[in-house]
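Report on the following structure.
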Amino acid sequence: MRLSILTTLLFCCICFGQNNTDTSLYMKSDKITYLTDIGSETGDLYKTIGHHGPAVENEWMALRIYFSDKVAIDVYSKAKPGLELRKANWYPTPEQQKEGWGADYYKVASTVGLGGVKLWDGEKVVPLNPVTNRLARVGKTDTTSWMEMISRGVPYKGKKVDILVRVTVFSGKREAKVEAVSLSGEKVQFATGINYFKDFGTKKGTNYIAVWGKHPEDVAAEIVEIGAAIMYNPKDYEKTTDDGTQYLLISKPTKTLETKIISSSARETELNTLDKLEAYIKK
């Protein structure tokens, strides 16, 4: 009996001691050597970097930031918990998908994606582009993985600002954290939010927006319903708007902003409907 208890305790320690997150940043021409950082004066390494930018994952989803004028956040959805990014490189084969791997079902188009960050000049959305330099970095701690994109020299209201967007995933925690920082020290208005398509279901609360539906993706082996949500502090924002493709949150002038994002798939066994996703958020 004692041996059984000790074995169970040891198993629990091993399981809870694992960091079930990972990072991925590499040149498309070299899938063997992984990088910790890469920069470009043009601000566009979309076609040069594997999966078009830095990426991180936890057990339930992977996220990437496009290394281009978009700086949008995209999602890799999973059918079952586990780490897949370094094996699948974001694009598993149709055979692997049918065997239970995840896939790129999410489509960002020209939006912020899921929790991506842009600026607001009082009248319209301002992209984090052009830049004098753009830098991507990834890293890990004992319990997290993170990626960040720094866009330097972004024209904004007659000046140039440096903006950092950082995404952190946590071991054992479904939702990720998105942080936006004005590195120049000046207050700016950030624009963030979540995109959607026709016939999507939507649930809104005082501090969250959740959507559910089929993205018109063209790289996955099948089309699957995907859920996504952004959670935020309503006190941080002065207005919300809907441009027909995305729900946008416009922040008050600030140096920093933080939201949480989550995504799930109809293929998984837990949060496989909009109602279940909303219930999780409320809980």
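Would a scan of segment 209-226 turn up a residue that is surrounded by 20 or more Cβ atoms within 10 Å (Cβ to Cβ) and in contact with a His (Cβ under 8 Å, 6 or more places away or on another chain)? Yes. Would you confirm whether any residue within segment 70-80 is closer than 26 Å to Arg174 by Cβ, open to solvent by 10 Å² or more (accessible area, probe 1.4 Å), among the aromatic types (Phe, Trp, Tyr) and in contact with a Phe, Trp or Tyr (Cβ under 8 Å, 6 or more places away or on another chain)? The answer is no, given that none of the residues of segment 70-80 is closer than 26 Å to Arg174 by Cβ, open to solvent by 10 Å² or more (accessible area, probe 1.4 Å), among the aromatic types (Phe, Trp, Tyr) and in contact with a Phe, Trp or Tyr (Cβ under 8 Å, 6 or more places away or on another chain).
Selection of strands (runs of 3 or more DSSP E) fully inside segment 189-283 by the criterion of at least 1 residues being touching a residue at least 60 places away in the same chain (Cβ under 8 Å) returns 190-195, 201-205, 208-214, 225-231, 246-251, 256-265. Tyr76 falls short on exactly one of the conditions (1) farther than 17 Å from Ile261 by Cα; (2) within 19 Å of the chain's Cα centre (by Cα); (3) among the aromatic types (Phe, Trp, Tyr), and that condition is (1). Scanning segment 136-190 for residues being within 15 Å of Lys255 (Cα to Cα) and within 15 Å of the chain's Cα centre (by Cα) gives a total of 6. Could you list, in sequence order, all residues of segment 146-160 that are at positive phi and open to solvent by less than 40 Å² (accessible area, probe 1.4 Å)? Gly153 - this is the single residue of segment 146-160 that is at positive phi and open to solvent by less than 40 Å² (accessible area, probe 1.4 Å).
For segment 24-77, residues that are aliphatic (A, V, I, L, M), assigned to a loop (DSSP other than H, G, I, E, B) and closer than 25 Å to Thr144 by Cα total 5.
Between Asp199, Asp243, the distinction of being open to solvent by 70 Å² or more (accessible area, probe 1.4 Å) and on the phi > 0 side of the Ramachandran plot belongs to Asp199 only. Inspection of segment 112-126 finds a residue satisfying the criterion of being in a strand (DSSP E or B) and either open to solvent by 40 Å² or more (accessible area, probe 1.4 Å) or among the β-branched types (Val, Ile, Thr) (or both).
Every residue, every condition in (1) at pLDDT 95 or above; (2) surrounded by fewer than 24 Cβ atoms within 10 Å (Cβ to Cβ); (3) in contact with an Asp or Glu (Cβ under 9 Å, 6 or more places away or on another chain), yes or no:
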{"residue": "Arg137", "(1), (2), (3)": "yes, yes, yes"}
{"residue": "Thr144", "(1), (2), (3)": "yes, yes, no"}
{"residue": "Asp162", "(1), (2), (3)": "yes, yes, no"}
{"residue": "Ala176", "(1), (2), (3)": "yes, no, no"}
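The values are calculated or read from the model by the stated rules, or taken from the named source; none is laboratory data. Being a predicted model, the structure only gives us computed values, none of them experimental. Positions of Cβ are generated from backbone atoms using ideal geometry, with glycine treated the same way; all protein chains shown enter the neighbour counts. To get the accessible areas, we keep the full protein, side chains included, count just its heavy atoms, and leave off ligands, DNA and RNA. Shrake-Rupley method; radii C 1.70, N 1.55, O 1.52, S 1.80 Å.
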